[in-house]
Amino acid sequence: MLVELAVGDAYGAGFEYADPDFVASNNTLNRYVQHPKHSGIRPGQYTDDTQMTLAVAELLVSNEPWTEGSVADKFVEVFRRDPREGYAGGFYNVLSHVRSGSELQDRITPHSDKSGAAMRAGAIGLCSDVDQVIRYADIQARVTHATPLGIESAQAAALAVHYCRYNIGPVSNIGAWIDAEIQEYGGLGGWARVWNGPVGSRGWMSVLAALTALSAASSLSDLLTRCVNYTGDVDTVATIALAAASCTTELVADLPHALLRDLENGPYGHDYLTELDKVLFRVIQ
Ligand SMILES: [Mg+2]
């Protein structure tokens, strides 16, 4: 799961909010593309979506308690060991200056409803207990996105992984199932709607776009193409969609060799993700 979502993130990063003409002519899956404006992220390099997912995944397989404080500590830890761009400017600035989760919590107002809480929530969906998925997604969201839609977007993204991992039904029915679960916990729902057009910065937009693409896709390559074709915040859409899609056998696992091969492979790159993936699937149930 981590490798596939990192490929989605890194591939999508070349197209994030890029001109639709650029997307139309370069979204071929042949290679990672250099973003026309963001020179700080190189082709094949993943962004905040994957780095924060690592924080969540590592905390899941640790023996640490699942609290806002431990989540915040992990966010700071993964950034400090491997600083990278891709974060929203203000959050990047804070992360660059804090040394602990409590310092982070002191310096941010966690009232965003943007996509940060959803893009990192996928691994939580591996838990077999829906109640735990809902609760853990909520707690990790509150560190930065303590708004009803910020939290519910994270829960929906995690539930999407859960639905695929536990083979609950056909992928085309994923939104309706998420709606039923979310509403049982007092949420709004609306996750079975169809998303069209450019994806804005709010979390629910990325999740709905990812679910729409998932429902229609036949394979992981088809899915990644669809996610990027939306235009807008497509690295996040692809991260959320690929996290879920990698857990189902219904979609053909056909990510292009070139994208798997050229995914960054530094200390926290491809090999690290592969190993952590193995631990996640062994430990989380
Ligand atoms: Mg990103």
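The values are calculated or read from the model by the stated rules, or taken from the named source; none is laboratory data. Remember, it's a predicted structure, so these values are computed and weren't measured experimentally. For neighbour counting, all protein chains shown are included, and Cβ atoms are generated from backbone atoms with ideal geometry for every residue, glycine included. All accessible areas refer to the heavy atoms of the entire protein, side chains included, with ligands and DNA or RNA removed. Shrake-Rupley method; radii C 1.70, N 1.55, O 1.52, S 1.80 Å.
When segment 145-178 is filtered for residues that are outside any helix (DSSP H, G or I) and under 25 Å from Q285 (Cβ atoms), the ones remaining, listed by number, are Y166, N167, I168, G169, P170. Note on segment 109-124: residues that are away from the ligand (no atom under 16 Å from the Cβ) and within 21 Å of the chain's Cα centre (by Cα) amount to 5. Going by the structure shown, is Y272 open to solvent by 10 Å² or more (accessible area, probe 1.4 Å) and either out of contact with any helix residue (DSSP H, G or I) (no Cβ under 9 Å at 6 or more places or on another chain) or closer than 24 Å to P83 by Cβ (or both)? Taking the combined requirement at face value, the residue satisfies it. Of the helices (runs of 4 or more DSSP H) lying entirely inside segment 1-102, the ones with 3 or more residues being free of Cβ contacts under 8 Å to residues at least 60 places away in the same chain are found at 20-26, 68-81, 89-97.
Criterion applied to S128, S112, S153 was being at pLDDT 95 or above and either open to solvent by 10 Å² or more (accessible area, probe 1.4 Å) or within 16 Å of A72 (Cα to Cα) (or both), and the one residue passing it is S128. For F22, the conditions (1) out of contact with any strand residue (DSSP E or B) (no Cβ under 9 Å at 6 or more places or on another chain); (2) within 24 Å of T144 (Cα to Cα) all hold with the exception of (2). Of all the listed residues (Y185, Y230), the sole one being open to solvent by 20 Å² or more (accessible area, probe 1.4 Å) and closer than 21 Å to D48 by Cα is Y230. Applying the set (1) of a type in the set (D, E, K, R); (2) within 16 Å of the ligand (Cβ to nearest atom); (3) farther than 20 Å from D19 by Cα to E181 leaves exactly one unmet item: (2).
Among the residues of segment 15-63, count how many are among the charged types (D, E, K, R), within 13 Å of the ligand (Cβ to nearest atom) and open to solvent by 20 Å² or more (accessible area, probe 1.4 Å).
Of the residues in that region, 1 qualify.
Inspection of segment 179-199 identifies no residue that is closer than 25 Å to L280 by Cβ, within 16 Å of the chain's Cα centre (by Cα) and of a type outside the set (G, A, S).
Put simply, of T274, T239 the only residue that is in a helix (DSSP H, G or I), away from the ligand (no atom under 16 Å from the Cβ), among the polar types (S, T, N, Q) and at pLDDT 95 or above is T274.
Does at least one position in segment 200-213 carry a residue that is open to solvent by 10 Å² or more (accessible area, probe 1.4 Å) and in a loop (DSSP other than H, G, I, E, B)? Within segment 200-213, one or more residues are open to solvent by 10 Å² or more (accessible area, probe 1.4 Å) and in a loop (DSSP other than H, G, I, E, B).
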